Structure formats: C-alpha cells, structure tokens
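Quick note: the coordinates plus some simple rules give every number you see, no bench work behind them. Being a predicted model, the structure only gives us computed values, none of them experimental. FYI the Cβ positions are ideal-geometry reconstructions off the backbone, even for glycines, and counts take in every protein chain you see.
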Amino acid sequence: MLTRVSHIGILVRSLEEALKFYRDVLGLPVARVEEVKSEGVRVAILPLGGTRIEILEPLDEKSPLHQILEKRGEGMHHLAFEAEDLPRLLSDLQSHAVRILGDPRPGAGGERITFVHPKSASGVLVELCEEGV
Ligand code: CO
C-alpha cells in the first residue's frame, strides 16, 4: 500500500540558515517554499532522486513545531511515506491498534496527510500522505 518515501522532514529555527548548507553547500535545488497553515509551518521543498527533503520552520510561537524546537532543538522531524489509498491504509492501521494523529488534512503540495505516533513506529514520527486527492 506504500509506494515510496515521499520526503524526509527536517525541523529548523531558520530556513535561510538551513539553506546555506542544504542548498548552497550540498547543492540541492529549492523547488519552492510554501506555508502550510494547518501545521503552522513554512516549508522549503528540495527534490532529490524521486523523493525530497522538506525543511520546516515554525510560522510563529503558536506552531506545535515551535514547542518541539524548544524541547529538542533542530533535527530530523519525520519520515513520510506515500500511500496509494490513504483512507484504506488508515483503517487497516487502526485495526492493528496503530496510533494515528488526527484525520487526513491538507499538507504541502496539495497532499492529504496524517501522522503515526512515534510509539507505534519504533520512535519515528511517520507521516502518511496521498498525492493528488
Ligand atoms: Co511532511
């Protein structure tokens, strides 16, 4: 039911600072920067080999990501998998008592997204997303 690694999310204090490494030193192109209001975040999208790096900067202090930055600092935030049929996948996961964090909602690039709690995924915050729905 999963088709690929959609992206890897990296949480940072400053997008501009982070791009000095990921764009300017590593040479990854920035396809675009967009705001995802539902998650309280500004995202730079850097495609690479059929997947992409997403660099996440909290929009303001009310963003849930701001609290995480305060607590844990910068670093890898989530691993996102592309799903073919997100509603079916979610009902399957729920039947296995996997903890899902909220109903599917709009993410970057018009995807539908939701998350699996790290307690259900060996300590990794897993995002599940479906494109073009
Ligand atoms: Co994501």
Hey, if you put +1 on the Cβ of every Lys and Arg and -1 on every Asp and Glu Cβ in the chain, which of Gly123, Leu2, Leu28 ends up farthest toward the positive end of that dipole?
Gly123
In what order do His117, His96, His7, His78 fall by count of nearby beta-carbon atoms within 10 Å, going from fewest to most?
His96, His117, His78, His7
For segment 82-103 and segment 18-46, write down the distance between their C-alpha centroids in whole Å.
28
List the residues whose amide H sits under 5 Å from the amide H of Leu48, counting only those 5 or more places along or on another chain, with H placed 1.01 Å from N in the peptide plane.
Ile53
Can you order the peptides 18-26, 54-62, 122-130 by their average number of other Cβ atoms within 10 Å per residue, highest first?
54-62, 122-130, 18-26
Candidates Val98, Val41, Val12: whichever shows maximal mean-square fluctuation once the chain is modelled as a Gaussian network with Cα springs under 10 Å
Val98
Which of Ser120, Ser63, Ser95 fluctuates most in a GNM of the chain (C-alpha springs under 10 Å)? That residue is Ser95
